[in-house]
Amino acid sequence: MKVRAGLIQMSLKGDTSMSPEQIREAMIEAHLPLIDEAGSKGVQILCMQEVFTQPYFCPSQDAKWYAAVEKIPEGPTTKLMQEYAKKHNMVIVVPIYEEEMVGVYYNTAAVIDADGEYLGKYRKNHIPHVAGFYEKFFFKPGNLGYPVFETAYCNLGVYICYDRHFPEGWRALALNGAEYIVNPSATVAGLSQYLWELEQPASAVANGCFIGAINRVGSEEPWNIGKFYGSSYVVNPRGKIEAQLGEDEDGLLVHDMDMDMVREIRNLWQFFRDRRPEVYEDLIELR
């Protein structure tokens, strides 16, 4: 069985002197033609980059960006993406800045099924707080575990950016039934760029699944923490990158995944059978 995946990577539209509401409008306006293009090309599962309606504002510690939050699913972006999902019979993963209540905010991705139904959300579990990435100022750690969504086309998991450095979550998603996991990200050149094509292929192998890795593009003033290097890709359960975008382009990646490979590889490499959770207790106790 083939499932057609779509990934959208994009540079910031407008600039950070604008209000979060103005930037949201500009980013959505820039995305809609690519979402329609994905629909016209038969994409069945589409994902955008981390907090796709905004700049990556975490180099600052500016409360201005709290105004970027939205409710899920009641907020305007989720509602709009439900319309587009139904229009194109396409599952859409919607990574945005979520408000649970005033002062409690999460880095979240809503998952919408191909008929426009809101299926649920994943909240980023691992929140970095190092120079240039002051995410704990903006995001509370996720509290929804590792849900897997039974979509019209496959069992879908979501992991967000910094999460990818933690193998436990990939494994939890796979054990919960994920066949395809998307990782919307905002990551800049440096050590990260080498790891970009190392960690996620390794995780795809370890868990016998497809992974869609999405990164934004360009540099964002005034923070200049580095270049977001794009390079979004789809990797198969053998760890091979099957399709990839360039470093500098706004773009839509469309790729057909052979989902039969998930069963084939899991039967060939019996990692789930050979796990020994009873001898991993130290991993939990060492805190």
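No lab work stands behind these numbers, since they all come straight from the coordinates. Quick caveat, the model's predicted, so the values are computed rather than measured. Cβ sites come from the backbone with ideal geometry, for glycine too, and all protein chains shown count toward neighbours.
Only lysines eight or more places from Lys13 in sequence, or on another chain, were considered; those with a Cα closer than 19 Å are Lys64, Lys227. Under the convention that each Lys and Arg Cβ holds +1 and each Asp and Glu Cβ holds -1, the size of the dipole of the chain around its Cα centre is about 460 debye. Ranked for footprinting exposure by Cβ neighbours inside 10 Å, fewest first, Thr108, Thr151, Thr16 give Thr16, Thr151, Thr108.
For Lys240, the lysines whose Cα falls under 24 Å of its own Cα, not counting residues fewer than eight places away in the same chain, are Lys2, Lys41. Each of Val3, Val254, Val43, Val235 was scored by other Cβ atoms within 10 Å of its Cβ. Arranged with the fewest first, they read Val254, Val3, Val235, Val43.
Restricting the GluC sites (Glu not before Pro) of region 72-127 to loop positions (DSSP other than H, G, I, E, B) with no more than 11 neighbouring Cβ atoms within 10 Å leaves Glu74. Highest mean first, the peptides 18-30, 272-284 sorted by other C-beta atoms within 10 Å per residue fall in the order 18-30, 272-284.
By definition, a body whose alpha carbon gyration tensor gives a ≥ b ≥ c is oblate when a/c is 1.5 or more and a/b is not larger than b/c, and region 150-287 fits this oblate description.
Find the centroid of the Cα atoms in region 30-92 and in region 1-15, then give the distance between the two in whole Å. With region 30-92 and region 1-15 each reduced to a Cα centre, they are spaced 10 Å.
Pairs of Lys residues in region 71-216 that lie 8 or more places apart, or on two chains, and have C-alpha atoms under 16 angstrom apart add up to 9.
Projecting the Cα atoms of Tyr97, Thr78, Leu7 onto the charge dipole of region 1-112, computed from C-beta unit charges around the Cα centre, puts Leu7 farthest toward the positive end. Each of Phe166 and Lys87 was given a label point 7 Å from its Cα along the Cα-to-Cβ line. The distance between the two points is 3.6 nm.
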